[in-house]
Amino acid sequence: MKPITLLKQKELTKGWRTCQANTDYSISPYLYEDCVIAYRNGIYGFVFIIKTTRSFMAFYGVNNNFYLGGIGYSFRRIYRLKKAIELLNLDCGNGKRPTILNQELYDKMQTKIMFDELKKED
């Protein structure tokens with residue numbers, strides 16, 4: 001799946017460019033590539049993880065119907081993959097599970113997160 005597909009589903013094709021500059025810079029090269037390995041749609045928004053040329057990146061989008069105050073960006077990058085996994089597996093009470101499109105890459109990402117956490121403990 002391509003990231004632009006998720007953005008179109010949530011009607012963010014025009015609004016995604018209003019995100020922070022670093023988020024725009026991060027997602028732009030991968031918008032039309034088939035790189036989404038896992039995602040989750042919900043009433044409040046969505047979260048997805050992509051495989052890049054070097055590593056993994058995660059993004060979330062908030063439904064345009066919710067006002068968060070401040071500048072109110074609707075699409076941002078998640079810099080800590082561990083937090084992205086938590087968001088993917090968050091129980092929202094609707095019983096839906098995340099959609100994993102590439103189990104092998106998803107498992108590699110979880111292993112990478114685990115080893116990164118071990119490095120931090122040293």
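Between N63 and Q20, what's the calculated FRET efficiency when r is the beta-carbon distance and R0 is 22 Å? Round to 0.05. Could you put the intermediate results ahead of the total?
Details: r = 18 Å, r/R0 = 0.83.
With R0 = 22 Å, the Cβ-Cβ based efficiency is 0.75.
List the residues, sorted by chain then number, that are 5 or more residues from F75 or on another chain and whose placed amide H is less than 5 Å from its amide H.
Amide H neighbours of F75: V62.
State, to one decimal in nm, how far the label point of E117 lies from the label point of N41, with both points 7 Å from Cα in the Cβ direction.
Label at E117, label at N41, 3.0 nm between them.
Taken together, the values in this text are just the output of simple stated rules run on the coordinates, not laboratory data. Being a predicted model, the structure only gives us computed values, none of them experimental. Cβ: placed from backbone, ideal geometry, glycine included. Neighbour counts: every protein chain shown.
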